[in-house]
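A short worksheet on the structure shown next.
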Amino acid sequence: MAEQAEATSSSSTLTDDQYDEACDLIGEGVNWIARFRETKDASLLEKAIANFRDSLRIWTKGHPDRPIPLTNLSNGLWHRFEVEGKMEDLEEALAYAEEAFPLHHPGELGYYATLQLLRSTMSARFDYTNKMEDLRKTLEYSRAFHQLHTHDDPNRSATLVVTSNCLLASFKRKGDLEELEE
């Protein structure tokens, strides 16, 4: 999937014009997503996704900014999955998030956003597949996401709810009390 967005060149060196074009594509795509959130017009998602795919053709593998379009494309596909419910969008969103995550550095906004996408997409996939491996990964991402929140963070309790729900689902499937003791 991610390979489809690859260009023939894998150079991490771009001209100023190419760099500007990629930045413009990302900016426009982010604006399309924001407008979609306001209007719920799914055609705006298509525009955003197209922009993010085009930016991936510029920021090829090896380029230090590649995680930006990967995360944004994952986010656009995730929104489209939420609207249309197509499993291929969910799988593709997950694949791009998995590619982007190790390229982000802890502490960056992209790291946080991609980890949240991984948690959401994997949880949704578990809801569809009911596979324990998907639940295990959801729990792994939920724990990592929870650890990013300090004790005084007002969102910390919400991250605990997600983690608790994963543990409960695991217990219901396996009957393993050790996991619930966490």
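The values are calculated or read from the model by the stated rules, or taken from the named source; none is laboratory data. Everything numeric in this text was worked out from a predicted model, so none of it was measured. Neighbour counts run over all protein chains shown; Cβ positions are idealised from the backbone, glycine included. Each accessible area value is taken on the protein alone, full model and side chains, heavy atoms only, with ligands, DNA and RNA left out. Shrake-Rupley method; radii C 1.70, N 1.55, O 1.52, S 1.80 Å.
At 0.890 mPa s and 25 °C, plugging the Kirkwood radius over alpha-carbon pairs of segment 1-125 into Stokes-Einstein gives what diffusion coefficient in µm²/s? Don't skip to the answer; put the middle values down first.
Numbers: Rh = 14.4 Å.
Answer from the Stokes-Einstein relation: 171 µm²/s.
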Per residue of segment 97-104, what does 6.51 cos²θ - 1.76 cosθ + 1.60 with θ = phi - 60° give for ³J(HN,Hα)? Whole Hz please, x for Gly and Pro, Karplus curve as stated. 5, 5, 5, 6, 3, x, 8, 7
Could you give the nm distance between label points at residue 130 and residue 148, where each point is 7 Å from its Cα heading toward the beta carbon? 3.1
Zone of residue 140's modelled label, taken as backbone nitrogen in segment 95-111 under 16 Å from a point 7 Å along Cα→Cβ: 95-103
Can you give me the solvent accessible area of residue 15 with a 1.4 Å probe, rounded to the nearest 10 Å²? 80
What share of all Cα pairs of segment 63-124, in percent, falls into each consecutive 5 Å distance bin? 4, 23, 33, 22, 11, 5, 1
Could you sort 58-64, 46-52, 114-120 so that the peptide with the highest average Cβ count within 10 Å comes first and the rest follow in order? 114-120, 46-52, 58-64
Residue-wise HN-Hα coupling along segment 58-68, computed from phi with Karplus coefficients 6.51, -1.76, 1.60 (Hz; x: Gly, Pro): 8, 8, 7, 3, x, 7, x, 8, 4, x, 5
Separation between the residue 46 and residue 108 pseudo-spin-labels, each 7 Å from Cα along Cα→Cβ, expressed in nm? 3.2
